[in-house]
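Remarks on the structure that follows.
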Amino acid sequence: MKNLFDIQVWKQQLGLLPVHLNPLSDNGGHMMLNGGNGDFCLQTANLEIENIDLYSKSWSSSTKNFLIVKDDNVQIHNWLNDKTETVSHKIVSENFNKFYNYLLSKSYKSSNDLVPFVIDIFRQFRNLTFEKSNPVEALNLLFGLLTSLEDDVHNINTEKWGLENLVIPDGFDYYIDQIQNGISNVKPELDLIIRHSAGILFQEAQKEVLFFNPQRDLFGGSSSSLSTKTNLYSSIHYTPPFLSRTIVENSLRNINLQTDKLKILDPACGSSEFLVEVLKQLIELDFQGNVEILGWDVSETAINTSRFLLTYEKRTIWQDRLDFSLKLVGDSLLEDWDNDFDLILMNPPFSSWDLLNNKENRDAVRQALGNSFIGKKPNQASAFFYKALNHLNENGVIGCVIPSSILTLDSYSKLRTDTNDLVDIKLLGKLGNFIFEDALTDVSFIIGKKPKTNHIPTIIWTRNEKGVAQEALRDFRKTTYNNQVTLDKPNFSIYQPISFPILKESWTPISIKNHNLFKGIERFVVEKRLSRVIDIFNVKQGIRTGNNKVFKISVNEYSNLPEEEKEYFRPSTENDSFINGKLQITSYVWYPYGEDGIKIQTEEEFEEKVPSFYNNILHSKAELSNRARKDDSNWWHLSEHRAWLRKPTRKLISAEFGKSGSFAIDSQGGFVVERGNAWIPKKEFSEKDYYFYLAVFSSSFFDNLLSIYSKELLSGWDLGKKYTKDIPIPNVNLDDVKNSDGYQRLVEIGKELSEGNIYTKTISDNILEKYFYPNT
């Protein structure tokens, strides 16, 4: 039976990071940290503690459960239920995963939790201060309120707490009573609140207030009712604790801690999520040296929060061993960076080129990247990343959140090469679109270390679904604790590939299953048993109308057109047009083109031949005339009509973004491809050939190929030429393929799919693996 008094057992079984509740005391009390969901307090030393103290500690640290290991059992104290349960050592020891799942079931969020309790007060302060988007005064009031748990806020030593310009309003004692009373006799503990809720408060502070409520309640306090919004397209994203914790842990594993001093930078520090985390973990690792921290940010609230938190860390834990310097900047890329950082940690701004404010910001990005970017519009995060690489010392480490586009886009290929020349990549993870709250950015992270050797990194691949990334990083921690190298689960993979990069032109992590598949099918390409898409098809992009609202009409609108006008419209493809291999008409598009070009030469001819549609869109003439290469003389033309579409011919088509169900055959050739792709054969195809490839592209096996070679999006994968050209597929121009039983069987499946019989789709995988991708 496992020794439950040993904290290492809990670490190895659950993959949680233990941090002492009191960093200055080793009495067996720990926070077991996952990243918010699933955290709990654990006392492994057999001490007698009153329940009210346990409840205060777990509530103040944003958890529900406080576990105490006794001689024969484990006690679970839950403040929300005001209940204590007892589970024997034997049951816990033999059923750790079930036991943890039980704790998770008792860890649901509630309105009585610490975070909503504190945020409610903070929102009252915002109604007092009327700060719309930069609540400096409201946040100062909140920090002042927190100090009242330890000091007399009316006679506060602002230097001691790292506060500036704190003005206490009349009636503030109401809020002091509110926080000191806590909830249901559960009292707050300042130390735990500061260490475990400040980041979430900063996230709340970034929300712009749309509507204030200045009304007072019956007891003299302000209303906490606010109407706020979060900018989905903001470049500022709060780093969730499970991610910052993982990055810090694995960065520190690559640092020599037998040194007198560490110099650490976060050039986009926010509320110092990384900086506070690294200080926590250095204490747990018993680091004996000094720490120098530099933190920069464009947000005044971020800098004020960081100053409050780091001042507290210095006063209560580190004292003279910690020096920190915080700076409010306009753009960190314009600052002078030292060249001797031991560690740079950051979640840089993910600003696209178009969202950069001015020429100075853009020039800073260009200067930081130098010749390491191929293209015109780099993301600001790439400049932060590359500049950081160049300002590490000779043994320095970087831990960085990055947009996944840096790993995949051709324009970053030189940056990837230069990165590989500068550092050993130790860990590379692709986490997907569900990392930042209220933002759908595709997120990855990277940890690198100087000097460059020939190290092959550990890869973390996660399925792009909500909650998977946090589960994967917890299991990664577990594998590290247990000295495992590989972990393969349906939703994520952790492993070291045979070589790196896995794909020739991309650094994107893939699953173990697809890694093994990739190695096998690439061998078949060399042996000429498979050919690449680009060798068989010209994948052509569909039309661009220049204004879909004007030029696309519904099926009902088309049916109401006069018969003589219908000849100028053709059915158009969009995502809804594809149903598992069958093509259906969902809309029509204006297409006044024949084999010889435009059918309507003048506006007078337009009005004469298509009068009802002409009158419907005449109000948009000015807008349509202002498109690129358009004016009053051709405003009814499409922006890009694609000459190859003029003559209706049979074609294989796909959506612009999608997966195996997003292909179909246009047998009569009447469809116009709009926001999609046409797969035009380079050599003449028979009718059977089209059905063969429809079956191939509609298979689940082809989804695996897309996940290796293409760019993943929320709606599937990019099905355009750029991301599909290298996919290895059977070549019907080869006799071995054409004469095989597999060819004939897939042709029949393709016919069934085109008629709407989706039940045959599942058979395709077995045929493909048997005849064309054996032993992969």
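Nothing in this text is a laboratory measurement; each read-out follows from the coordinates by a stated rule. Computed from a prediction, not measured in an experiment: that's the story for all the values here. So basically every Cβ, Gly included, is an ideal-geometry build from the backbone, and we count neighbours across all protein chains shown.
Structure above, values below:
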{"item": "Length-normalised contact order of segment 241-509 in % [C-alpha pairs under 8 Å, at least 6 apart]", "result": "16"}
{"item": "Long pairs among Lys387/Lys414; Lys2/Lys70; Lys426/Lys466, criterion Cα-Cα beyond 18 Å", "result": "Lys426/Lys466"}
{"item": "Theoretical FRET efficiency, 1/(1+(r/R0)^6), r = Cβ-Cβ of Lys770 and Gln319, R0 45 Å, to 0.05", "result": "0.05"}
{"item": "For segment 473-498 and segment 617-669, distance of Cα centres in Å", "result": "47"}
{"item": "Overall Cα dimensions of segment 499-623 - principal axes, largest extent first, Å", "result": "65, 29, 28"}
{"item": "Linear extension gain, Asn739 paired with Glu684, 0.36 nm per residue minus alpha-carbon span", "result": "18.1 nm"}
{"item": "Residues listed by number, segment 465-486, amide nitrogen under 15 Å from Leu104 label point at 7 Å toward C-beta", "result": "465-478"}
{"item": "Restricting segment 701-776 to GluC sites (Glu not before Pro) in coil, as DSSP defines it, with at most 16 other Cβ within 10 Å", "result": "Glu755"}
{"item": "Label-point gap, in nm, between Glu505 and Asn556 - each point 7 angstrom along Cα→Cβ", "result": "4.5"}
{"item": "Amide proton proximity set for Ile579, modelled H, under 5 Å, gap of 5+", "result": "Gln584"}
{"item": "Charge sum, other residues only, whose C-beta stays under 14 Å from Arg366's C-beta, Lys/Arg counted +1 and Asp/Glu -1", "result": "+3"}
{"item": "Amide H within-cut-off set for Leu638, under 5 Å, with H built and near neighbours excluded", "result": "none"}
{"item": "Lysines whose Cα lies under 27 Å from that of Lys160, excluding same-chain neighbours fewer than 8 positions away", "result": "Lys57, Lys187, Lys261, Lys263, Lys280, Lys314, Lys327"}
{"item": "Distance in nm between pseudo-label sites at Ile585 and Thr649 (7 Å out along the Cβ direction from Cα)", "result": "2.4"}
{"item": "Per-residue Cβ neighbour rank within 10 angstrom, fewest leading, Ser271, Ser93", "result": "Ser93, Ser271"}
{"item": "For segment 347-416, diffusion coefficient by Stokes-Einstein and Kirkwood Rh (Cα), 10 °C, 1.306 mPa s, µm²/s", "result": "128"}
{"item": "Sequence of His619, His455, His20 once ranked by neighbouring C-beta atoms within 10 Å, starting from the fewest", "result": "His619, His455, His20"}
{"item": "Where trypsin sites (Lys or Arg not before Pro) fall in DSSP loop in segment 395-495, at most 12 other Cβ within 10 Å", "result": "Lys466"}
{"item": "Theoretical gain in end-to-end length, Asp71 to Ile534 [0.36 nm per residue, Cα-Cα removed]", "result": "159.9 nm"}
{"item": "Value at 222 nm in deg cm²/dmol, rounded to 500, when DSSP H runs of n ≥ 4 in the chain each add -39,500 (n - 2.57)", "result": "-10500 deg cm²/dmol"}
{"item": "Euclidean distance between Cα centres, segment 126-192 to segment 406-441, Å", "result": "40"}
{"item": "Semi-axes of the equivalent ellipsoid for segment 7-105, Cα gyration tensor, largest first, Å", "result": "17, 15, 15"}
{"item": "Sorted by Cβ density within 10 Å, fewest first, the residues Ile91, Ile600, Ile264", "result": "Ile91, Ile600, Ile264"}
{"item": "Per-peptide average of other Cβ atoms within 10 Å, ordering 641-654, 120-133, 274-287 highest first", "result": "274-287, 120-133, 641-654"}
{"item": "Rel. contact order, % - alpha carbon contacts under 8 angstrom, at least six apart, the chain", "result": "8"}
{"item": "Cα-based convex hull volume of the chain per residue, rounded to whole Å³", "result": "201"}
{"item": "Loop-resident sites, segment 572-665, for GluC sites (Glu not before Pro), counting at most 16 other Cβ within 10 Å (DSSP)", "result": "Glu595"}
{"item": "FRET efficiency estimate (nearest 0.05) - Cβ-Cβ, Asn616 to Gln668, R0 35 angstrom", "result": "0.80"}
{"item": "Label-point separation in nm, Asp152 to Ala45, each point 7 Å along Cα→Cβ", "result": "3.4"}
{"item": "Residue-by-residue Karplus 3J(HN,Hα) for segment 591-606, coefficients 6.51, -1.76, 1.60, Hz, glycine and proline x", "result": "8, x, 10, x, 4, 9, x, 5, 8, 10, 8, 10, 5, 4, 5, 4"}
